[in-house]
Amino acid sequence: MGSMLGNMTVYHALTQPGDRVMTAPQPFGGHSSNRADGPAGTRGVEIFDIPFDPATLEVDLDKGDTPPTGIARAGCGWARLKSPALA
């Protein structure tokens, strides 16, 4: 299964419309299927870029505006956040 179909399956299985998902921007390894104009958008999730320093590639989640429901990783991975603070 290719990235687009695989990610569409994951988004429809693990998210609800309106969920917030953080993903890598395309210039830094993100895949188009994790963007608003790909399968993520067809599911109705809100996409936010993972806040990080492009020079060091260190992620800083404190810089994010909105807590995510899940994080889409490059390579078709998915992590659903379970923190009560993010519910």
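Throughout, read-outs are computed from the coordinates displayed, never taken from laboratory work. Predicted model only: the values in this text are computed from it and were never measured. Because the Cβ atoms are built from the backbone with ideal geometry, glycine has one as well, and the counts that use them run over all protein chains shown.
Structure notes:
- Taken about its Cα centre, region 3-70 carries a charge dipole of about 320 debye when Lys and Arg each add +1 at the Cβ and Asp and Glu each add -1 at the Cβ.
- Region 3-70 shape via C-alpha gyration tensor axes, a/c threshold 1.5: oblate
- Additional length obtainable on full extension of the chain from T56 to T42, 0.36 nm per residue less Cα span: 1.8 nm
- Computed label-point distance, nm, for sites K63 and D49 using a 7 Å Cα→Cβ extension: 0.9
- Highest average first, the peptides 15-21, 42-48 ordered by how many other beta carbon atoms sit within 10 Å of their residues are 42-48, 15-21.
- Highest mean packing first, where packing is the average number of other Cβ atoms within 10 Å per residue, the peptides 27-37, 50-60 line up as 27-37, 50-60.
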